[in-house]
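Structure record follows, encoded as structure tokens.
The values are calculated or read from the model by the stated rules, or taken from the named source; none is laboratory data. The model shown is predicted, which means the values in this text are computed figures rather than measured ones. In this analysis, Cβ positions are derived from the backbone assuming ideal geometry, glycine residues included, and neighbour counts consider all displayed protein chains.
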Amino acid sequence: MDVGKLFGLDKLDGILGRIERRPLRLYEGQCLRERDRTVECESCASHCPVDAIDLDSKVEVDFEACIDCGICVRLCPAGVFESRLSEDTFLGKIQQKLDDSDAIGFSCAKQLEEYGREGSFPQVELPCLGRLTETMLVGAAAFGAKNIWLDLRGCEECDCAVGALLAKDLVVAIDRLLEAWDHQVEFSLAAAPPELAQGATEAESAPAGETEEYDRRELLTKFGREMLAGGLGLAEGRIDRVANVFDPPSDEYFTYRLPRRRELFLRLTKKIGGPEKKVILADGLPFYGLELDHHLCNFCGNCATFCPTKALELESKELTAELKFTLSRCLGCDLCLEVCRPDALKSAPRIDLGDIFAERTGSLSEQQYYKCEKCKQPFASATERELCDFCRLREEKLQDDSWS
């Protein structure tokens with residue numbers, strides 16, 4: 001008698017095998033398409049080199065096909081994907097390799113297999129350079145790296161070529177961030193380790209500041225796709241959309257989660273110390289500041305409800321309502337901007353690094369509550385009014401023959 005079959009151990013072994021092969025953990029509730037069904041974001045599926053991601057009904061991954069390149073982890077603007085090869089794992093390797101060196105390289109497994117480990121300083125193996133994150137680069141700087149090299153050999157011919165462009169884009173932004181922290185790191189984007197690249201051409205061995213710069217949206221446009229397509233928002237023709245108001249779902253409807261890599265990033269900035277330069281351009285960074293037009297904002301709560309990380313929170317008090325923003329929790333996903341029907345929110349071109357370092361929560365606006373004379377419901381407004389937005393619009397439209 002086969003004891004294994006008797007106790008179902010053969011099935012258990014198959015299940016465990018499938019679990020072990022799963023390179024990704026999914027947080028489907030974070031997906032922008034799940035939070036607003038009109039969202040057409042498909043950056044993960046569009047750039048998956050093996051077409052392992054399906055977005056037809058919900059986020060699904062063919063784990064048999066997935067090669068754990070990490071491009072979806074890097075591209076997803078809401079933190080849906082978390083790799084089995086976690087940030088903690090890579091940070092541990094980085095710290096270990098920097099114990100006896102102040103230089104480190106990042107290479108993909110395919111590059112190391114083809115070219116071997118060259119150079120006198122250690123290298124960290126990534127599944128793809130597209131898996132490189134801001135947390136790893138800031139971590140390397142925090143652990144004492146003075147020189148960081150990205151191994152670009154063979155990237156142009158690779159099926160995962162987008163990974164190299166993502167890595168270049170990231171290096172440019174993090175180089176600027178570390179400079180504002182007065183933490184000097186020499187970045188090399190080269191076809192050979194820096195000490196072997198003396199005879200290389202300028203294009204082969206350009207420092208980070210001289211490479212072609214991409215922000216995230218420009219990068220994806222170059223590949224003929226958009227990271228966040230238009231069409232975010234509510235269904236056409238609804239009076240609440242026209243009125244710039246919307247009764248959002250309860251908090252229990254959505255999940256809210258700060259990705260692990262952002263948690264570690266914040267810890268590592270504290271290891272580096274306080275920033276020397278407080279205000280810098282947000283271009284290319286995985287977060288941005290927000291500005292609010294107090295006269296347009298009607299405190300509907302869309303932005304706070306849809307935000308996947310609770311970077312935005314609407315606090316109702318007895319007489320006032322306050323909209324709060326925590327820059328350090330912002331992923332720069334754009335969802336708050338798109339679901340803000342009055343267009344009261346705008347991204348700020350500059351950010352205060354002190355807000356990130358201190359994980360400070362600031363107030364975007366605090367408005368007083370008034371009671372609508374028509375519906376008798378409370379509403380917040382920057383100026384005293386008799387009617388809420390809904391009743392005001394309804395009165396205007398009822399006098400307009402085109403409304404019927």
Of residues in region 267-285 being over 21 Å from Pro349 (Cα atoms) and among the hydrophobic types (A, V, I, L, M, F, W, C), the one surrounded by the fewest Cβ atoms within 10 Å (Cβ to Cβ): Ile272
Being part of a strand (DSSP E or B) and at pLDDT 90 or above is the requirement here; does Val172 meet it? no
Filter region 120-167 for residues that are charged (D, E, K, R), surrounded by 24 or more Cβ atoms within 10 Å (Cβ to Cβ) and closer than 25 Å to Ala45 by Cα and give the result. Arg131
For the subset of region 73-108 comprising residues that are in a strand (DSSP E or B) and hydrophobic (A, V, I, L, M, F, W, C), which member is surrounded by the most Cβ atoms within 10 Å (Cβ to Cβ)? Cys108
Among the listed residues Phe90, Phe81, which satisfies the condition of being touching a strand residue (DSSP E or B) at 6+ places or on another chain (Cβ under 7 Å), over 16 Å from Pro286 (Cα atoms) and among the aromatic types (Phe, Trp, Tyr)? Phe90
Name the single residue that is farthest from Pro342 (Cα to Cα) among those in region 364-398 being surrounded by 13 or more Cβ atoms within 10 Å (Cβ to Cβ) and among the acidic types (Asp, Glu). Glu366
Scanning region 294-340 for residues that are of a type in the set (Lys, Arg) and in a loop (DSSP other than H, G, I, E, B), the one surrounded by the most Cβ atoms within 10 Å (Cβ to Cβ) turns out to be Lys310
Across region 1-42, what is the total count of residues that are under 24 Å from Glu338 (Cα atoms), in a loop (DSSP other than H, G, I, E, B) and either touching a Gly at 6+ places or on another chain (Cβ under 9 Å) or at pLDDT below 50 (or both)? 5
Would a scan of region 113-135 turn up a residue that is charged (D, E, K, R), part of a loop (DSSP other than H, G, I, E, B), touching a Leu at 6+ places or on another chain (Cβ under 7 Å) and in contact (Cβ under 8 Å) with a residue 12 or more places away in the chain? yes
Mind telling me which of the residues Glu64, Glu82 ends up being farther than 16 Å from Arg261 by Cβ and either modelled with pLDDT of 90 or more or not assigned by TED's automatic domain parsing to the domain that holds Glu263 (or both)? Glu64
Tally of residues being more than 23 Å from Asp283 (Cα to Cα) and in contact (Cβ under 8 Å) with a residue 60 or more places away in the chain across region 144-183: 2
